[in-house]
1. Among the numbered conditions (1) within 30 Å of residue B:17 (Cβ to Cβ); (2) more than 8 Å from every other protein chain (Cβ to nearest Cβ), tell me where residue B:184 comes up short.
2. Kindly check whether there is at least one residue in region A:4-27 that is open to solvent by 10 Å² or more (accessible area, probe 1.4 Å), under 18 Å from the mean Cα position of the chain (by Cα) and within 14 Å of chain B (Cβ to nearest Cβ).
3. Being away from every other protein chain (no Cβ under 14 Å) and either open to solvent by 60 Å² or more (accessible area, probe 1.4 Å) or acidic (Asp, Glu) (or both) is the filter here, so list the residues in region A:49-65 that pass it.
4. Among the candidates B:161, B:145, B:165, which residue alone is of a type outside the set (D, E, K, R), more than 10 Å from chain A (Cβ to nearest Cβ), open to solvent by 30 Å² or more (accessible area, probe 1.4 Å) and within 26 Å of residue B:258 (Cβ to Cβ)?
5. Inspect region A:162-169 for any residue being without any contact (Cβ under 8 Å) to a residue 24 or more places away in the chain, under 30 Å from residue B:182 (Cα atoms) and either in a helix (DSSP H, G or I) or open to solvent by 20 Å² or more (accessible area, probe 1.4 Å) (or both) and give the result as yes or no.
6. Could you list all residues from region A:66-103 that are more than 7 Å from chain B (Cβ to nearest Cβ), closer than 21 Å to residue A:3 by Cα and open to solvent by 30 Å² or more (accessible area, probe 1.4 Å)?
7. When region B:249-265 is examined, which residues are found to be of a type in the set (Phe, Trp, Tyr) and in contact with a Leu (Cβ under 9 Å, 6 or more places away or on another chain)?
8. Do you know which residues across region A:104-149 are within 10 Å of another protein chain (Cβ to nearest Cβ), more than 20 Å from residue B:177 (Cβ to Cβ) and either outside any loop (DSSP other than H, G, I, E, B) or of a type in the set (Ser, Thr, Tyr) (or both)?
Amino acid sequence: MSLLEARDITKKFGGLAAVSNLSFNVNKGEILGVIGPNGSGKTTVFNCISRFFPLTSGELYFKDQRIDELPAHKICDIGIGRTFQVVKPLKRMSVEENVMAGAFLRTSSMHKARLKANEIIEFCGLEKYKYREAKSLPIPLRKRLEIARSLATDPELLLLDETCAGLNPKESEEAIALIRKIRDAGMTIIIVEHIMKVMMGISDRILAINFGSMIAFGSPQEVSNHPEVIRAYLGDAYA
Amino acid sequence: MKNFNLALKILLVVIAVILPLVIKAPYQLHIIILIFIWAIIGTSWNLLGGYTGQVSFGHAAFFGVGAYAAGLLQFHLGVSPWWGMLLGPFAAMVISLPIGLIAFRLRGPYFALAMLALGEIFRLLFINLAFTNGAKGILIMPEITSKMFYYYVGLSALALTIGITYLIVHSKIGFYLVSIREDQDAATSLGIPTTLYKNLALLPSAFFTGLAGALYMNYVAFIDPNIVFNLSNISVMAIMVVMLGGVATTWGPTVGAAIYIILGEVFRTTLGSANVLVFGVLVCLIILFLPNGIVGELDMLRGFLARKKEGAAGGVKI
């Protein structure tokens, strides 16, 4: 069963179509990777799903419920969590408070929110930094905090936007281990990432886009051998 | 440490309660009552400007409407202005609502500008309306003249304001308000309806500022539009009180109000007409060297020491 389904979604900024007539679906429990060269519209797709941008046309369905007309804050409520490529920690709050701010979506009790936050902080390996102010954390931990905060809202679908960007190889390995751990806990994930090796390794299916349109959609093997994908990344000579 | 803090708070309350039994001089009591009124305004402003990050340049609108609600009750209907302590806060909430509903949908300085306009609109409106007795203002004959009575009314109103604000800030709502201040996009991504929560900060803020206004009317017994809707002496002063004491702290506005009023009085009595100049320079210095306000800097120092201790125990690295 499809958890999320996009039908012909289009997003135009003035005359420029950042995303045009894109259709895809995400199955429950899988990791869908979204790849594409810089400026191909990956983050715009995320912003459309999470309703930060209104769609120009097309329809989005989550669990067979239409979501492209909901207000942005409702998206999280129905079970879609997201992180940001440029991390947005709640700077002057501690790590624990950041995660609690997420946990408050499902409870109003201070005590329950704190318990939930602590559980997630441990899951994400942030116990050591629990009382640190978010602004004092280095980038890898901020990215991790970003994930922890959206996990606290109990999502069924998690949108991860470039969780490994700006990390060194060792740090991205740790990040990937965390993503696998989240998947094993039963979460469905859509992930945007630049590092091909990472994407090929963890994605069940891959959606490749360029200039806002789909150029390939299928298993990592199919996509990486697809001539359009090779052309988009390496140029005509290699296709 | 926790016991020490609790003991300190109890001591403070005891001192506050028995103070007017010790200090009987009307002048000193007058100063303390003014401090209470300013502490209420500052604490209300702090909920909206400090915790939620929505800076208002027009809290005089709420203060003035609260004061006039009490004054007009007496002026037109002959009803005791004490009923204004009930009507004033609600009147302030009613005028805050349209501004919040419209301006909070936008980002950027629109709310601050809308509030700036609101304060001035009310000032001009109340000067020119016959209903409000125009620039002549409203004079009432207070039934009670004992300073001690106003001291306790002011103290209770302040306690109520700080208590309710504390409860709001230390709940889910408080977490949401601070999240909105820190990053509105992140807040939205966590499912926080930002417009709603900004309004949930504005309403109590307007409510308690209106309460301070109604108290002012009852205490001072004379108001006119240029006093209660004053931009620099009310709206900007509210911001100064909070900045000086400590933005987004429980006790900051109260400490700020105390220092502001006392320093203002001292300078006024000793320096003659140079008092405003010296006062201005001092404010600049404080903002330069204590950017977090007095209570804010103390909190930072305490946090720094706590972390140092923790670090020595081998807890935190990096």
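The values are calculated or read from the model by the stated rules, or taken from the named source; none is laboratory data. Small disclaimer: the values here were computed from a predicted structure and weren't measured. Cβ coordinates were reconstructed from backbone atoms using ideal geometry, including for glycine residues, and neighbour counts include every protein chain displayed. Accessible surface areas use protein heavy atoms only, side chains included; no ligands, DNA or RNA. Shrake-Rupley method; radii C 1.70, N 1.55, O 1.52, S 1.80 Å.
1. (1)
2. Scanning region A:4-27 turns up no residue that is open to solvent by 10 Å² or more (accessible area, probe 1.4 Å), under 18 Å from the mean Cα position of the chain (by Cα) and within 14 Å of chain B (Cβ to nearest Cβ).
3. A:56, A:59, A:63, A:64, A:65
4. Working: B:161 fails: open to solvent by 30 Å² or more (accessible area, probe 1.4 Å); B:165 fails: open to solvent by 30 Å² or more (accessible area, probe 1.4 Å).
Result of the check over B:161, B:145, B:165: B:145.
5. From region A:162-169, those without any contact (Cβ under 8 Å) to a residue 24 or more places away in the chain are A:168-169; that's our starting set.
From the residues that got through so far, the ones that are under 30 Å from residue B:182 (Cα atoms) too are A:168.
Those left that are additionally either in a helix (DSSP H, G or I) or open to solvent by 20 Å² or more (accessible area, probe 1.4 Å) (or both): A:168.
Yes, that holds for at least one residue.
6. A:66, A:69, A:70, A:71, A:74, A:78
7. From region B:249-265, those of a type in the set (Phe, Trp, Tyr) are B:251, B:260; that's our starting set.
Within region B:249-265, B:260 is the sole residue that qualifies.
8. A:128, A:129, A:131, A:136, A:141, A:146
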